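Worksheet for the structure shown next.
The values are calculated or read from the model by the stated rules, or taken from the named source; none is laboratory data. Small disclaimer: the values here were computed from a predicted structure and weren't measured. All Cβ positions, glycine included, derive from the backbone under ideal geometry; neighbour counts span all protein chains shown. SASA here: full protein model, heavy atoms, side chains in, ligands and nucleic acids out. Shrake-Rupley method; radii C 1.70, N 1.55, O 1.52, S 1.80 Å.
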Amino acid sequence: MTKSLFPRETYINRRNQLKQMVGSGLLLFIGNDESAMNYAGNTYAFRQDSTFLYYFGSDYAGACAIIDIDEGREIIFADELTIDDIVWMGSLPSVVERSEWVGISQTAPRQQLATYIQRAMAKGQTIRHLPPYRPEHRILLSELGLIGSTDNEEANLLMLKAVVDMRNHKSAEEIEQIEIAVDRTIDMHVRAMQVVRPGILESEVASEVARVGLAGGTEMSFPIISTINGHTLHNYDRSHVMHEGQMFLLDAGAESPLHYAGDLSSTIPVGDHFTSQQKLIFDILLKAHRDATNALRPGINFREIHHLAARGICEGLKGLGLVKGDPEEAARTGAYAMFFPCGVGHMMGLDVHDMENLGEVWVGYDGQPKSTQFGFKSLRLARPLEPGFVFTIEPGIYFIPELIDLWQSEHRFADFLDYNEINKWRHFTGLRNEEDWLITPDGARRLGHKVKPMTTDEVEAAKHSFS
């Protein structure tokens, strides 16, 4: 096992900044355990909790950590490997070595965590932790007596908001890792463009995409979406044979060696060229995409970026007769969600949907309430953009037969939607294109040193680029 970490000082500085922001108390961090697939010895690939990685850098399964601000202590609680572990997994760096790599000198067996927490509770210390998202985390917190107190919820919120603020603002070394992931992700998408063709399975493309990522030393940042049914937003079925005249949608990302994510989507003709109808919708979407990216800058609310993309989609579809009335009003009232029911993007970092386990209301909304309206409620980011924010831009146009039928039966948004025309497109499926962006002090820039093909001409050219 090689040491894949930021410099030691990075982790020390992160913990010191967190201590200053929170001020007092004991901060508990629960790392992830191995997770059995179908029996104890057959586990899913291990992935450490991202906040644990952020402050402690360790991929060691079963570890927990505390930052005791009041006592001036930082301790990793984890069990060293036994000889049985070594027989099956080989000799790995010890808990002590891993802790020293990130500037922590004190370690203890995992079983001593409960004793330390009980002693802190007896002293009246405030104990803070983040929301549990795995059953075993919730069980541990329950065993420690840390679930159920309203006072504890308020204490936890201070820690949560501090962690969100730190992780939302990406440092230069984090951006470097993200761009490693994005560049590899672009390679994965270009390879898909080269191999998509009539007569092969969706799964064959997914396997080639994964091969490119793994061969480049990266893992997948999320399960690969590889489908000809692009109108199903998160379609993980890969069983279909592709045919001439169809479109193929790939949504896939690489994860860098330090676990930072890339996330891109591409829409590709199965044959050599897009059909004339496909080009019409593709070009409408591309213009909406550029309307959104051209407006990116510090201070603009991401809700406005979403609105620009929605309005652009309505303007384009009005030209085809599917939308009527004022495109601005169609976007503002929510009629746009017939074709674009998801958000235009989300935060990205150590998680592909960064810190989704900590709650969109804090990560993407800065504590403000989310909309409950269809379409708007799926917007994961709706706050003023700040330098260091990293996020995706991924508008889409989808024709979902079940949604068309439901809204038509309810006469929903009849002032803006021409259902007779929409039904002519009901079997079009859907498409999206996605890029990853960074807000800079004076504007924004697309992440990655490489450029993913985005226009229909570029995608068609990429299909013939493999020799």
> From the residues in segment 426-451 that are open to solvent by less than 20 Å² (accessible area, probe 1.4 Å) and among the small types (Gly, Ala, Ser), which one is nearest to residue 246 (Cα to Cα)?
Replying inline: 430
>> For segment 70-82, check the following and say yes or no: at least one residue is under 25 Å from residue 174 (Cα atoms), under 26 Å from the mean Cα position of the chain (by Cα) and either crowded, with 18+ Cβ neighbours inside 10 Å or not hydroxyl-bearing (Ser, Thr, Tyr) (or both).
In response: no
>> Going through 23, 57, 90 one at a time, which residue ends up being on the phi > 0 side of the Ramachandran plot and surrounded by 13 or more Cβ atoms within 10 Å (Cβ to Cβ)?
In response: 57
>> So the check is Cβ under 8 Å with 6+ separation or different chains; which pairs have a first residue in segment 17-38 that's within 19 Å of residue 59 (Cα to Cα) and touching a residue at least 60 places away in the same chain (Cβ under 8 Å) and a second one that's open to solvent by 50 Å² or more (accessible area, probe 1.4 Å) and part of a helix (DSSP H, G or I)?
In response: 33/136
> Of all residues in segment 319-373, which are polar (S, T, N, Q), within 29 Å of residue 402 (Cα to Cα) and outside any helix (DSSP H, G or I)?
Replying inline: 371, 372, 373
> Taking segment 243-263 as the region of interest, how many residues are in contact with a Gly (Cβ under 7 Å, 6 or more places away or on another chain) and either among the charged types (D, E, K, R) or crowded, with 24+ Cβ neighbours inside 10 Å (or both)?
Replying inline: 9
> Of the residues in segment 165-180, how many are buried (at least 19 other Cβ atoms within 10 Å of the Cβ) and touching a Pro at 6+ places or on another chain (Cβ under 9 Å)?
Replying inline: 2
> So which of 204, 219 ends up being within 19 Å of the chain's Cα centre (by Cα) and open to solvent by 60 Å² or more (accessible area, probe 1.4 Å)?
Replying inline: 219
> If you scan segment 299-312, which residues turn out to be buried (at least 19 other Cβ atoms within 10 Å of the Cβ), farther than 17 Å from residue 370 by Cβ and touching a residue at least 24 places away in the same chain (Cβ under 8 Å)?
Replying inline: 309, 311, 312
> Where in segment 64-154 are there strands (runs of 3 or more DSSP E), lying wholly inside it, with at least 2 residues that are in contact (Cβ under 8 Å) with a residue 24 or more places away in the chain and among the polar types (S, T, N, Q)?
Replying inline: 106-108
> What number goes with the only condition from (1) open to solvent by 70 Å² or more (accessible area, probe 1.4 Å); (2) more than 30 Å from residue 213 (Cβ to Cβ) that residue 135 does not pass?
Replying inline: (2)
> Looking at 153, 173, which one is of a type outside the set (S, T, N, Q) and at pLDDT below 95?
Replying inline: 153
>> Can you tell me which of (1) surrounded by 14 or more Cβ atoms within 10 Å (Cβ to Cβ); (2) under 28 Å from the mean Cα position of the chain (by Cα) is the one residue 45 doesn't meet?
In response: (1)
> Can you tell me which residues in segment 24-81 are closer than 26 Å to residue 214 by Cα and among the polar types (S, T, N, Q)?
Replying inline: 32, 35, 38, 42, 43, 48, 50, 51, 58
> Hey, does segment 313-328 have a residue that's open to solvent by less than 20 Å² (accessible area, probe 1.4 Å) and under 20 Å from residue 392 (Cβ atoms)?
Replying inline: yes
> Quick one: residue 406 ticks every box in (1) part of a loop (DSSP other than H, G, I, E, B); (2) closer than 23 Å to residue 340 by Cβ bar one, so which box is it?
Replying inline: (1)
>> Please pick out the residue among 393, 404, 397 that is touching a residue at least 60 places away in the same chain (Cβ under 8 Å) and farther than 20 Å from residue 312 by Cβ.
In response: 404
